[in-house]
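Below: the structure, in structure tokens.
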Ligand code: PLP
């Protein structure tokens with residue numbers, strides 16, 4: 001552990017030496033970062049002793065909450081026994097083996113094999129290579145295009161950021177790479193036409209997928225990738241008509257359906273995976289974050305049996321990461337998943353704390369500045385608007401959301417802002433009393 005330093009000292013060192021991800025570096029250096037020193041349950045503590053309610057589970061990942069000694073002990077024990085070895089070239093180790101089997105047990109029945117990575121971004125980069133490899137082996141090398149959605153977030157590597165549909169990311173660094181196409185997101189509040197019902201909007205948006213397949217030709221399309229609920233794009237909870245229509249289109253066409261469960265996986269939606277909440281039937285399932293509750297970095301790509309069989313037929317897959325299946329990360333995941341199963345955290349989201357928080361969160365929609373307050377499981381959004389009926393936006397989109405987020409953080413509640421939409425995704429262990437506190441702070 002580093003020797004304790006004063007907040008001022010730490011801020012100065014941070015400003016001098018640390019390039020922060022997704023941050024306005026100039027503003028950050030002028031204001032200084034908030035330094036988080038410890039955490040337990042759903043609470044963070046900063047270097048000035050403030051207790052902050054973490055409404056975002058870190059970055060949507062600390063599903064079992066902070067301070068779980070059981071995970072710490074499992075990682076320490078694994079580090080003493082075997083701190084590192086790889087899973088390349090016909091070697092492996094027990095934590096990777098056991099975790100592969102556990103994931104086969106927890107995921108829908110078509111999934112029995114996992115490719116380990118170090119993060120969600122690496123997982124989605126893997127997806128690009130894997131789906132193209134799959135069609136190469138099937139002697140359909142022209143099937144290369146991957147369809148994604150506007151405002152999707154699939155990660156920050158060149159491949160994953162290209163799959164993502166974030167305009168501010170595409171503006172930097174010459175993205176996206178070729179053969180990736182983006183269609184509309186099912187963002188009813190922001191994108192429905194006048195007089196269009198939510199159900200009609202869901203169908204229309206889903207059919208954008210069919211239109212692109214028709215326009216480009218099915219023989220060029222390899223896959224469609226989507227998050228069950230778009231997270232960083234604004235917690236876009238799709239109309240009930242959306243997923244059945246997408247599932248139909250994917251079923252009828254020879255394309256792979258990739259469910260990016262980096263946020264929705266491991267209980268967030270009240271099922272183990274978001275694809276179960278929406279009854280879709282993916283061919284590939286992408287995971288990270290909640291797999292270890294963020295205690296160690298780990299990601300994975302699970303492939304359905306029909307994909308695995310083709311890949312195995314093809315021999316070598318020339319792809320992998322030094323930390324694919326890192327033993328300490330796998331040990332953290334096994335301990336984390338054991339907690340989730342023992343404490344029935346997924347059931348708790350579906351039957352107990354999810355409905356409890358949703359009832360109170362939905363009531364925030366009565367506020368004159370809140371347009372809608374949807375929530376599924378333990379992920380929700382508050383759309384801020386100057387005009388609930390006309391569904392209009394504030395003139396300088398994003399400014400009010402950012403102010404609200406900063407005000408909230410200053411009042412010791414972590415929420416995210418996407419445009420003028422505030423977001424929460426608290427740890428799955430949040431108590432009823434803590435839900436009440438979260439609501440009181442959000443309302444303020
Ligand atoms: N996919 C989704 C849906 C995500 O939300 C994220 C991160 O927020 C990623 C992928 C990228 O994961 P990572 O930050 O672990 O690379």
Confirm whether residue 351 is away from the ligand (no atom under 14 Å from the Cβ), more than 20 Å from the chain's Cα centre (by Cα) and closer than 28 Å to residue 202 by Cβ.
yes
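Only one of 374, 355, 395 is modelled with pLDDT under 95, surrounded by fewer than 23 Cβ atoms within 10 Å (Cβ to Cβ) and within 26 Å of residue 233 (Cβ to Cβ). Can you tell me which?
Going through 374, 355, 395 in turn, the sole match is 395.
Rundown of residues vs (1) closer than 30 Å to residue 134 by Cβ; (2) in a loop (DSSP other than H, G, I, E, B); (3) touching a helix residue (DSSP H, G or I) at 6+ places or on another chain (Cβ under 8 Å), yes/no style:
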position: 334; (1), (2), (3): yes, no, yes
position: 339; (1), (2), (3): no, no, yes
position: 394; (1), (2), (3): no, yes, yes
position: 400; (1), (2), (3): no, no, no
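Is one or more of the residues making up region 65-88 assigned to a loop (DSSP other than H, G, I, E, B), within 16 Å of the ligand (Cβ to nearest atom) and touching a residue at least 40 places away in the same chain (Cβ under 8 Å)? Steps first, answer last, please.
Taking region 65-88 as the starting set, the residues that turn out to be assigned to a loop (DSSP other than H, G, I, E, B) are 65, 67-68, 82-88.
When the remaining residues are screened for being within 16 Å of the ligand (Cβ to nearest atom), the result is none.
Scanning region 65-88, I find no residue that is assigned to a loop (DSSP other than H, G, I, E, B), within 16 Å of the ligand (Cβ to nearest atom) and touching a residue at least 40 places away in the same chain (Cβ under 8 Å), so the answer is no.
Can you confirm whether region 120-127 contains a residue that is surrounded by fewer than 22 Cβ atoms within 10 Å (Cβ to Cβ) and either under 13 Å from residue 324 (Cα atoms) or within 16 Å of the ligand (Cβ to nearest atom) (or both)? Walk me through how you get there before you give the answer.
We begin by selecting, within region 120-127, every residue surrounded by fewer than 22 Cβ atoms within 10 Å (Cβ to Cβ); these are none.
Taking every residue of region 120-127 in turn, none turns out to be surrounded by fewer than 22 Cβ atoms within 10 Å (Cβ to Cβ) and either under 13 Å from residue 324 (Cα atoms) or within 16 Å of the ligand (Cβ to nearest atom) (or both).
The values are calculated or read from the model by the stated rules, or taken from the named source; none is laboratory data. Fair warning: this is a prediction, and the values are worked out from it, not measured in the lab. Here the Cβ is made from the backbone with ideal geometry for all residues, glycine too, and neighbour counts use every protein chain on show.
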